[in-house]
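Below is one structure, written out as structure tokens; the observations come after it.
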């Protein structure tokens, strides 16, 4: 199904931008087939990615109908499956019921009509130009449990309508639910968020070429075959078909390569994952990690802290995070590869492994005793507890593939959903927690999954108590996915030597996800820092996702003619049809000192999506760095207008206002920042400096004390308080503040000097 929500934009200007208040300063699983051990990196000379010729590629495809003659059973399973019906032309047999008789439905302030006019199926809706108009259905994507409809959007675009049809209930509904999206918004069906060519086509068709023309802002999209065909998963089969015709009934076709289990799952992962595109041309049999950047548990709320899917995340990332995947379980162990249905019903599927003599190392389980539910109870079904369903797109229930353990404690502490309350909707979290404690007792408290989720939830809140636990997770957790998540989350503390050392060690991990996540966490230290020497070897990493991440981290001085440089440029060019791609291009050129080009890309991103706060924020950062203070302030106010509760934006507005000399306005912004986020230590620090500059030393020290409480590891904050106390003649208190500074940083030069001065008095 097409993605109805905005992809989470990555704000890559994480550090830098607005100057500090300088004027106010008081003082100077098992390894996968594709994973090459990092020790081999230097022996490899990876070639830069080059998009193969379209005509030559498509000529290698035979078409699904050529499979039907020999693979009768498999073809029959496939043709009416989700894959077989992933995308198609309108069909009277399937679609007449949705349009005849004509139907209207109201959603928000809008009304849409579905009707058949002459031979065409037509949706009349609020659309382009903010006008109600009829739109002919060109294609249908999806089949069951919902269908979406594609209409001509001009310039080679197909747009995915928000009007969806439920074949089970026989009714129409809005894929956005109660949202009343309007033309001009990124996520309205006329916007770029619903452009089929970018958002849907690649996964609903076979060997798609988006073919976006940047200069004309248009597409001439093509594909080897419409829908997810046989060759979408098996790869081009024309050579096989020709060999079989020449050798009827024979086996041993030399054109066929037998794939590993990991190659098979990589074929699934490209579409069943939330990910970023690197090449735009995945070929079955190749590595997922050479073509995509996987979205994982990080600082955002994209996933719950225990790894459960929260947004439009699909199945792969949660599966990779699971013990099941790490133990060697793969998609085809549970799903028929042609119908995609489970190969056995109910608990029979799970019991294939979880019985004595089943899968190696799989603990034997007696469902009734394990679940504390009766045999006929829904609570006795393995998937209801360990693969809970969440409904997406209003009508599409999906099972979480993280095989998580229901834990009401995580619900109570961090809002993580648990399967108990999803079923027992009339019961409280405390009721579920009491039952879990009764059945499992102390065992739940010690579960790695709870400890890990607790650390992640705290890290997201900026709680320093999570830092050491995440560092320990880097060395203790055997699942690469969680090492990668820990590395990304440690970015907040990456300036601390122990954290930096622990994350740097992961640059040599065998799994590419861990290596690229470590680079991501270290990125802020790369410009002009010694960490560059540790990242630079990964520019020649054998896995493309790793070297493109390294290339991004070192983009300021990257050799654009190198393999990594060419890979990065290809990736940036590939994504220029979306506002997030334009923003990333702007960040790239800013890092390389081409400010006019950077601003051009960023302004286009905002034009295409004016309601994305990070876009306004990042452009404000560039305006600030280039000395365009008024524009910086205006853009930061735009970011606040869209996201008024984002404390960081108020903080950075305060820093920008400091450059105008309006200290009272600075104080107002910083006070709002700390009201929204009392743990934002930098805002407390600068608020203290600002208040002191207006001759309010008591107010300044109160703010600084709050800053020390929010971040006890920052020596600058107690030192600033010491300078105020010294100037007030309160030497004993000043000395105490200096001593606190030196406890944090023993060699703090200004604090050492002040201590000597104070002790002479």
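The values are calculated or read from the model by the stated rules, or taken from the named source; none is laboratory data. This structure is a prediction, so every number in the text was calculated from the model and none was measured. Counting neighbours? That spans all protein chains shown, and the Cβs are built from the backbone with ideal geometry, glycine included.
When the stretch 211-240 is filtered for residues that are buried (at least 17 other Cβ atoms within 10 Å of the Cβ) and over 21 Å from residue 78 (Cβ atoms), the ones remaining, listed by number, are 212, 219, 221.
The set of residues in the stretch 171-189 that are in a loop (DSSP other than H, G, I, E, B) and more than 24 Å from the chain's Cα centre (by Cα) comprises 178, 180, 182, 183, 184. Assess whether residue 385 counts as being farther than 21 Å from residue 330 by Cβ, in a helix (DSSP H, G or I) and at pLDDT 90 or above. Answer is yes for this residue.
Note on the stretch 358-370: residues that are out of contact with any helix residue (DSSP H, G or I) (no Cβ under 8 Å at 6 or more places or on another chain) and not in a helix (DSSP H, G or I) total 7.
Residue check: residue 467 meets all listed conditions (1) more than 28 Å from residue 370 (Cα to Cα); (2) in a helix (DSSP H, G or I); (3) out of contact with any helix residue (DSSP H, G or I) (no Cβ under 7 Å at 6 or more places or on another chain) but one, namely (3). Just so you know, in the stretch 262-273 the residues that are in a loop (DSSP other than H, G, I, E, B) and in contact with a strand residue (DSSP E or B) (Cβ under 9 Å, 6 or more places away or on another chain) include one that is modelled with the highest pLDDT, and it is 273. From 259, 289, 243, grab the single residue that is surrounded by fewer than 19 Cβ atoms within 10 Å (Cβ to Cβ), assigned to a helix (DSSP H, G or I) and at negative phi. 243 is the lone residue from the list that is surrounded by fewer than 19 Cβ atoms within 10 Å (Cβ to Cβ), assigned to a helix (DSSP H, G or I) and at negative phi. Of everything listed in (1) out of contact with any strand residue (DSSP E or B) (no Cβ under 9 Å at 6 or more places or on another chain); (2) within 26 Å of residue 272 (Cα to Cα); (3) crowded, with 18+ Cβ neighbours inside 10 Å, the single unmet condition for residue 348 is (3). Scan the stretch 673-687 and give yes if some residue there is buried (at least 18 other Cβ atoms within 10 Å of the Cβ), in contact with a helix residue (DSSP H, G or I) (Cβ under 8 Å, 6 or more places away or on another chain), more than 26 Å from residue 493 (Cβ to Cβ) and at pLDDT below 95, otherwise no. No, because not a single residue in the stretch 673-687 is buried (at least 18 other Cβ atoms within 10 Å of the Cβ), in contact with a helix residue (DSSP H, G or I) (Cβ under 8 Å, 6 or more places away or on another chain), more than 26 Å from residue 493 (Cβ to Cβ) and at pLDDT below 95.
Just one of the listed residues (406, 397) is under 30 Å from residue 145 (Cβ atoms) and exposed (fewer than 15 other Cβ atoms within 10 Å of the Cβ), namely 397. Within the stretch 745-756, the residues that satisfy the criterion of being in contact with a helix residue (DSSP H, G or I) (Cβ under 8 Å, 6 or more places away or on another chain) and surrounded by fewer than 18 Cβ atoms within 10 Å (Cβ to Cβ) are 745, 750, 752. Here's a check for you: in the stretch 600-614, which residue that is over 20 Å from the mean Cα position of the chain (by Cα) and assigned to a helix (DSSP H, G or I) is surrounded by the fewest Cβ atoms within 10 Å (Cβ to Cβ)? Here the residue is 607. Scanning the stretch 334-345 for residues that are surrounded by 15 or more Cβ atoms within 10 Å (Cβ to Cβ) and outside any loop (DSSP other than H, G, I, E, B) returns a single hit, 335. Please work out which residue is surrounded by the most Cβ atoms within 10 Å (Cβ to Cβ), limiting yourself to the stretch 511-570 and to residues that are within 23 Å of the chain's Cα centre (by Cα) and not in a helix (DSSP H, G or I). Of everything passing the filter in the stretch 511-570, 541 is surrounded by the most Cβ atoms within 10 Å (Cβ to Cβ). Against the list (1) surrounded by fewer than 22 Cβ atoms within 10 Å (Cβ to Cβ); (2) closer than 27 Å to residue 185 by Cα; (3) touching a helix residue (DSSP H, G or I) at 6+ places or on another chain (Cβ under 7 Å), the condition residue 578 fails is (1).
Taking the conditions exactly as written (closer than 26 Å to residue 205 by Cα, buried (at least 16 other Cβ atoms within 10 Å of the Cβ), at pLDDT below 95 and within 28 Å of the chain's Cα centre (by Cα)), does residue 46 satisfy them or not? No; evaluated as a whole, the condition is false for this residue. Evaluated against (1) surrounded by fewer than 23 Cβ atoms within 10 Å (Cβ to Cβ); (2) under 30 Å from residue 715 (Cβ atoms); (3) in contact with a helix residue (DSSP H, G or I) (Cβ under 7 Å, 6 or more places away or on another chain), residue 477 falls short on exactly one condition, (2). Given the criteria within 21 Å of residue 485 (Cα to Cα) and in a loop (DSSP other than H, G, I, E, B), does residue 373 qualify? Judged against the criteria, residue 373 is not a match.
Residue-by-condition table, conditions (1) touching a helix residue (DSSP H, G or I) at 6+ places or on another chain (Cβ under 9 Å); (2) buried (at least 16 other Cβ atoms within 10 Å of the Cβ); (3) within 22 Å of residue 397 (Cα to Cα):
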position: 88; (1), (2), (3): yes, yes, no
position: 91; (1), (2), (3): no, no, no
position: 113; (1), (2), (3): no, yes, no
position: 118; (1), (2), (3): no, no, no
position: 123; (1), (2), (3): yes, yes, no
position: 133; (1), (2), (3): no, no, no
position: 137; (1), (2), (3): yes, yes, no
position: 165; (1), (2), (3): yes, yes, yes
position: 170; (1), (2), (3): yes, no, yes
